[in-house]
Amino acid sequence: MNPKDILKPERGSVVAPTWYRAPDFAGLENWLNTDPITSLEELRWEVVAVKFWTFSCINCIRTLDETEALYKKYKDQGFKVIGIHAPEFSYERDIKNVANAVKQYDLSFPVVQDNNFTTWRDYNNRYWPAWYLIDKSGNIRYTHFWEWAYEEKEQSVKELLSEEYIVQ
């Protein structure tokens, strides 16, 4: 199933009625806080949150602390966050500005630039911030757009981390 067919929320969260394969990374450059990750396959058997954000978006800024807290709390249990920085304005395309924001907000999870919106388009994303939670087999199982829903996000992370079987 194509994400375009099911991810059309009016507002808030969606638990995908049908799981579908997460699109792979494409067009990403300038990795911060990690060595480059060229494919989601490198993260298979881990629960991954792909978070689209940009550093001058106030809604994005308000979600950074919660994302960092979830990452720190669950990273040793197999949870990864990939912060995909997709610029809204031209000055947000500069890696120095992105790196300064990562430092300013004390982010330790991996952050990468998607200046040409390649991965953004592959996810059919339209929002800042956006959160796509991917299970250990590479399927998107939960999404959330905009702010809020911290407890719901954490519960989804815990559920996916505790799954004893892998859906192929």
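The values are calculated or read from the model by the stated rules, or taken from the named source; none is laboratory data. Remember, predicted model here, so these are calculated numbers, not experimental data. Reconstructed Cβ throughout: ideal geometry from the backbone, glycine too, with neighbour counts over all protein chains shown.
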Quick one: S13 ticks every box in (1) within 18 Å of I140 (Cα to Cα); (2) surrounded by 16 or more Cβ atoms within 10 Å (Cβ to Cβ); (3) modelled with pLDDT of 90 or more bar one, so which box is it?
-> (3)
Hey, does segment 69-92 have a residue that's in contact with a His (Cβ under 9 Å, 6 or more places away or on another chain), outside any loop (DSSP other than H, G, I, E, B) and surrounded by fewer than 19 Cβ atoms within 10 Å (Cβ to Cβ)?
-> yes
Those strands (runs of 3 or more DSSP E) lying entirely in segment 94-155 with at least 3 residues over 19 Å from N59 (Cα atoms) | 139-145
With respect to V102, is the statement that it is over 20 Å from T38 (Cα atoms) and crowded, with 19+ Cβ neighbours inside 10 Å true?
-> yes
Count, please, the residues in segment 56-68 that happen to be under 12 Å from V157 (Cβ atoms) and either exposed (fewer than 15 other Cβ atoms within 10 Å of the Cβ) or polar (S, T, N, Q) (or both).
-> 1
Reported set for segment 140-154 where residues are modelled with pLDDT under 80 and touching a Ser or Thr at 6+ places or on another chain (Cβ under 8 Å) is E147, A149, E152
Residue count, segment 34-55 (criterion: assigned to a loop (DSSP other than H, G, I, E, B) and surrounded by fewer than 15 Cβ atoms within 10 Å (Cβ to Cβ)) | 7
Of the conditions (1) in contact with a His (Cβ under 9 Å, 6 or more places away or on another chain); (2) surrounded by 18 or more Cβ atoms within 10 Å (Cβ to Cβ), E152 clears all except one; give me its number.
-> (2)
Does any residue in segment 97-120 that is of a type in the set (S, T, N, Q) come within less than 8 Å, Cβ to Cβ, of a residue that is in a helix (DSSP H, G or I) six or more places away or on a different chain, and which pairs are these?
-> N97/Y91; S108/E68; S108/Y71; S108/K72; Q113/R93; Q113/I95; Q113/V98; N115/R93
Pairs under 7 Å by beta carbon, first residue among the charged types (D, E, K, R) in segment 144-160, partner surrounded by fewer than 16 Cβ atoms within 10 Å (Cβ to Cβ), six or more apart or different chains?
-> E147/N59; E147/R62
Out of segment 79-92, which residues are more than 18 Å from L28 (Cβ to Cβ) and within 15 Å of the chain's Cα centre (by Cα)?
-> F79
